[in-house]
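Trainee: Could you have a look at this structure, given as structure tokens, before my questions?
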Amino acid sequence: MSTTRRSAALRLAALIAVLGLLAGCVSREQTGGTQTAPSDVPLSELSDLVLHVGDQKGGTEALLRSAGQLEGLPYRVEFSTFTSGPPQIEAATAGKIDFAITGNTPPIFGAAANAKVKVVSTYDGGGVGDQILVHDDAPLRTVADLRGKSIALAKGSSAHGHVLVQLDRAGLTPADVKLVFLQPADALTAFTQRRVDAWAVWDPYTAQTEKEVPVRSVASATGVTNGAGFGVASDEALSDPRRNTALGDLLVRYAKAVRWAKDNPDDWAAKYATEVSLPPDVAALAQGRSLRLPADLSDELIATEQEMTDLFAESGQIAGAPRFADFVDRRFSERLTPFYVDRG
């Protein structure tokens with residue numbers, strides 16, 4: 001590797017180290033099911049409440065703070081940073097966090113493990129930033145070319161779902177490739193040292209890698225998966241009148257923050273770059289294409305999640321195919337409807 005490429009890779013490794021914590025797995029003994037929403041309590045009664053929110057650095061907290069939506073909160077919010085969605089699901093199940101926004105695949109693994117969570121909101125991420133990267137000098141051009149090759153990805157992440165669907169569309173199965181389950185920091189090392197042939201990842205990792213390491217994308221999730229992000233709340237928080245009330249308020253604040261970011265892309269990109277220590281051009285690229293817009297938690301969307309769930313089960317990536325709708329709770333949908341944003 002040249003000195004320039006090695007320096008770029010080291011800078012990217014340092015960034016990813018800042019962006020992540022360790023991942024985990026999910027377990028639960030009871031089954032999922034619809035919960036009865038408790039009545040809201042006055043926001044004025046929440047001054048001593050702390051809402052614990054999981055975050056993938058550069059996501060929820062940065063957006064809320066940049067848009068001014070953390071000002072004047074009638075309750076407190078404490079953020080915890082995770083590398084990817086699966087450990088957020090685990091933390092919610094364990095009662096360590098009340099809410100987090102993940103990609104489209106972590107809730108599937110949560111459902112398969114009967115996690116103590118519900119999907120309560122959804123966001124259209126477009127899928128452009130979810131890509132399968134290869135080195136620019138590799139002979140690999142299509143997903144079909146990955147037969148017999150190794151692909152680094154985070155187990156249970158949106159990258160996992162993306163790869164699975166891409167393989168299926170190309171007439172391949174996970175048995176036709178070697179899936180190497182690594183969190184982003186370790187995946188970066190394996191990829192730059194060419195110990196794996198490809199890396200499936202999402203923004204801002206994709207954008208940073210594209211700017212720092214000579215790579216090509218052989219596939220994007222746009223038009224292939226639903227490109228959705230999901231707001232996931234713990235059953236415990238949803239059954240608690242005070243936390244449920246705070247969560248409903250925070251979801252509206254987040255929706256307002258997204259609308260501000262869409263209407264002020266330059267301001268948001270600049271603030272995002274500062275918040276997560278990204279170069280301005282990387283921040284602009286990532287948020288210009290991967291800003292998650294509030295959307296309808298519709299039957300049609302849930303059906304696409306069920307299709308992906310069934311594919312995971314059929315390929316042996318999860319044990320059994322849970323009914324995804326059992327892990328969906330639309331209690332906040334009516335208040336979020338006015339904030340839905342068209343990506344077009």
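Trainee: Once the Cα atoms of the chain are picked out, what are the Rg and Dmax in Å?
Mentor: Answer for the chain, Rg first and Dmax second: 19.3, 62 Å.
Trainee: If you don't mind, there's one more thing I want to ask. Would you work out the relative contact order for region 152-282, in percent, from Cα pairs under 8 angstrom that are 6 or more residues apart?
Mentor: 23 percent
Trainee: How about region 49-109: which GluC sites (Glu not before Pro) there lie in a loop by DSSP and see at most 11 other Cβ atoms within 10 Å?
Mentor: Passing sites in region 49-109 are E71.
Trainee: Please work out the C-alpha center-to-center distance from region 197-223 to region 263-288 and express it in whole Å.
Mentor: Region 197-223 and region 263-288 have Cα centres spaced 18 Å from each other.
Trainee: So how much accessible area does L167 have, in Å² to the nearest 10, using a 1.4 Å probe?
Mentor: Accessible surface of L167 is approximately 0 Å².
Trainee: Taking the chain, how many lysine pairs are there with alpha carbons less than 16 Å apart, if each pair must be eight or more places apart or span two chains?
Mentor: Values: K57/K271; K96/K116; K96/K118; K149/K178; K155/K178; K262/K271.
Summing the qualifying lysine pairs gives 6.
Trainee: Taking the Cα centre of the chain as the origin, how large is its charge dipole in debye, to the nearest 20, when only Lys and Arg (+1) and Asp and Glu (-1) carry charge on their Cβ atoms?
Mentor: The calculated dipole for the chain is roughly 840 debye.
Trainee: Given the whole protein assembly as supplied and a 1.4 Å probe, what does the accessible area of W260 come to in Å², nearest 10?
Mentor: Roughly 60 Å² of W260 is accessible to a 1.4 Å probe.
Trainee: With the cut-off at 19 Å, report for region 259-344 the share of all Cα pairs above it, as a whole percent. It would help to have the intermediate numbers written out before the result.
Mentor: Numbers: 2133 of 3655 pairs.
Tail fraction, whole percent: 58.
Trainee: May I ask you to rank R289, R330 by accessible area, largest first, using a 1.4 Å probe over the protein chains only?
Mentor: Of R289, R330, the descending order of accessible area is R330, R289.
Trainee: Still on this model: Could you provide, to the nearest whole Å², the per residue accessible area of the chain with probe 1.4 Å?
Mentor: On a per-residue basis, 41 Å².
Trainee: Choose one answer from L153, L46, L251: the residue with the largest mean-square fluctuation in a GNM of the chain with alpha-carbon springs under 10 Å.
Mentor: Looking only at L153, L46, L251, the largest GNM fluctuation is found for L46.
Trainee: Could you compute how much accessible surface K271 exposes when probed at 1.4 Å, giving the result in Å² to the nearest 10?
Mentor: Per-residue accessible area (K271): approximately 90 Å².
Trainee: Carbon and sulfur: what percent of the chain's accessible surface (1.4 Å probe)?
Mentor: 48 percent
Trainee: Another question, if that's okay. Could you let me know the centre-to-centre spacing of region 299-344 and region 157-174, using Cα atoms, in angstrom?
Mentor: So the separation of the two Cα centres works out to 18 Å.
Trainee: With an 8 Å Cα cut-off and a minimum separation of 6 or more residues, compute the relative contact order for the chain in percent.
Mentor: Relative CO of the chain lands at 26 percent.
Trainee: What ranking, highest mean first, results for peptides 124-131, 96-103 when packing means the other Cβ atoms within 10 Å averaged over each residue?
Mentor: 96-103, 124-131
Trainee: Provide the packing ranking of 273-280, 155-162, i.e. peptides ordered by the mean count of other C-beta atoms within 10 Å per residue, highest first.
Mentor: Ranked from most to least packed, the peptides come out as 155-162, 273-280.
Trainee: With equal scatterers on the alpha carbons only and no solvent term, can you work out the Debye log10 of I(q)/I(0) for region 131-220 at 0.14 1/Å?
Mentor: -0.39
Trainee: Work out the charge dipole of the chain with +1 on the Cβ of Lys and Arg and -1 on the Cβ of Asp and Glu about the Cα centre, then indicate which of L297, L278, Y340 is farthest towards its positive end.
Mentor: Checked the options; the winner is L278.
The values are calculated or read from the model by the stated rules, or taken from the named source; none is laboratory data. Keep in mind it's a predicted model, so treat the numbers as computed, not measured. Using ideal geometry, Cβ is built from the backbone for each residue, glycine included, and neighbour counts are taken over all protein chains shown. Calculation scope for accessible area: heavy atoms of the full protein, side chains included, ligands and nucleic acids excluded. Shrake-Rupley method; radii C 1.70, N 1.55, O 1.52, S 1.80 Å.
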